[in-house]
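Here's the structure, in structure tokens; my notes come after.
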Amino acid sequence: MTATLTRPVALPEAPRRRRPRSRAAAWAAVAVIGFFGLAPIYWLVVTAFTPDDQAFSFPPALFPTEITFDHFTRLADNEQLFGYLVNSVVVSVVTAVLSVLVSAYMAYAFSKFRYRGRRSLMHLVLASQLFPQALLLVTLYAVFSATGLLGSYGALILSFTTFTLPLCVWMLKGIFDTVPSTLMEAAAIDGASRWRTLHTIALPLAAPGLVAAGLFAFVRAWNDFVFALTLTDPDRQTLPPGLVHTYLGEFQTAWPDLMAASFVVSLPVIAAFMFLQRYLVGGLTAGAVKG
């Protein structure tokens, strides 16, 4: 008789428990990062509702003892700020729409078509993000001055669209990559043209990505300061430079009024993020995994 040798069965390792110290350190890091992110917002809101005599007191009070709405009342009576608001809405909305339109066609061409030089063009679009945008300010100023666009809405819209296109193109390309090519082939068999396939199949499926790209372009145009200050006339400037001209003086700065105006200006962006949150999350994550 021959004895058979049996290998010992390896028992599964028990899951390691996280140490309380590491968990506490992680929560401490989150608390510190959250403090640095939320403290400026808290101070903005507090200053906006604090009376002038308390806002400039030293040491400053973390919790105001008195609340006032005078800064918001003066804000509503300022017609010049309403003009800046209209300029911001026009520039931001047109920039978002134009960025989505152009980037959608570019991304679809990069994703679904195969042609010579495709990868080189994709890398060229991505490489354009490597240059600081401030370096292009002098060049854009000279170009718009020569073409007669300097001081107009068109100068800002074309500049912002140029800056937002690379990221929008790559974001939408990742989303179009997840659209099965079999849907396109089935539409072609049914007699649909490429133009109709794009508008009836690809674009509806990429709707979350379109919303995310449009929101990114809108916020980029809404928050810009340097280009809005340099490329437009004073009567066509947007809110960031408009607030600086209104409340920041050579000898005095109206901080409570500036904080109140900044609080009101941030509300449209906050509302857009809250309303389009599910589309934004879906658009940013749809291209992460290929189907």
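The values are calculated or read from the model by the stated rules, or taken from the named source; none is laboratory data. Because the structure is a prediction, the values reported are computed rather than measured. Neighbour counts are summed over all protein chains in view; Cβ atoms, including those assigned to glycine, are modelled from backbone coordinates with ideal geometry. For the accessible areas, the whole protein counts, side chains as well, though only heavy atoms, and no ligand, DNA or RNA atoms are used. Shrake-Rupley method; radii C 1.70, N 1.55, O 1.52, S 1.80 Å.
Residue pairs whose Cβ atoms lie under 9 Å apart, separated by 6 or more positions or on different chains, with the first residue in the stretch 135-148 and closer than 16 Å to D233 by Cβ and in contact (Cβ under 8 Å) with a residue 60 or more places away in the chain and the second open to solvent by 70 Å² or more (accessible area, probe 1.4 Å) and among the aliphatic types (A, V, I, L, M), are L140/L158; F144/L158. If you filter the stretch 179-227 down to residues that are open to solvent by less than 60 Å² (accessible area, probe 1.4 Å) and β-branched (V, I, T), you find that the one that is nearest to V94 (Cα to Cα) is V219. Examine the stretch 27-48 for a residue that is touching a residue at least 60 places away in the same chain (Cβ under 8 Å), surrounded by 10 or more Cβ atoms within 10 Å (Cβ to Cβ) and part of a loop (DSSP other than H, G, I, E, B), and state whether such a residue exists. Within the stretch 27-48, none of the residues are touching a residue at least 60 places away in the same chain (Cβ under 8 Å), surrounded by 10 or more Cβ atoms within 10 Å (Cβ to Cβ) and part of a loop (DSSP other than H, G, I, E, B).
Quick check: is even one residue across the stretch 77-88 surrounded by fewer than 16 Cβ atoms within 10 Å (Cβ to Cβ), more than 30 Å from the chain's Cα centre (by Cα) and not in a loop (DSSP other than H, G, I, E, B)? No: zero hits.
Every residue in the stretch 229-259 that is in a helix (DSSP H, G or I) and more than 15 Å from Q80 (Cβ to Cβ), please. So that I can check it myself, show each step before the final result.
First pass over the stretch 229-259, keeping only residues in a helix (DSSP H, G or I): 229-230, 234-236, 239-247, 255-259.
Of everything in the stretch 229-259, those that are in a helix (DSSP H, G or I) and more than 15 Å from Q80 (Cβ to Cβ) turn out to be L229, T230, W255, P256, M259.
When the residues of the stretch 264-291 are filtered to those that are modelled with pLDDT of 75 or more, surrounded by 13 or more Cβ atoms within 10 Å (Cβ to Cβ) and within 18 Å of the chain's Cα centre (by Cα), the one that is farthest from V226 (Cα to Cα) is A272.
Do the conditions hold for V102, that is, is it touching a residue at least 60 places away in the same chain (Cβ under 8 Å) and open to solvent by less than 80 Å² (accessible area, probe 1.4 Å)?
Numbers: touching a residue at least 60 places away in the same chain (Cβ under 8 Å): yes; open to solvent by less than 80 Å² (accessible area, probe 1.4 Å): yes.
Spelling it out, V102 is indeed touching a residue at least 60 places away in the same chain (Cβ under 8 Å) and open to solvent by less than 80 Å² (accessible area, probe 1.4 Å).
For the condition small (G, A, S) and exposed (fewer than 13 other Cβ atoms within 10 Å of the Cβ), G148 qualifies. Would a scan of the stretch 115-126 turn up a residue that is hydrophobic (A, V, I, L, M, F, W, C), part of a loop (DSSP other than H, G, I, E, B) and open to solvent by 60 Å² or more (accessible area, probe 1.4 Å)? Scanning the stretch 115-126, I find no residue that is hydrophobic (A, V, I, L, M, F, W, C), part of a loop (DSSP other than H, G, I, E, B) and open to solvent by 60 Å² or more (accessible area, probe 1.4 Å), so the answer is no. Among residues that are surrounded by fewer than 16 Cβ atoms within 10 Å (Cβ to Cβ), at pLDDT below 85 and out of contact with any Pro (no Cβ under 8 Å at 6 or more places or on another chain), L130 is included.
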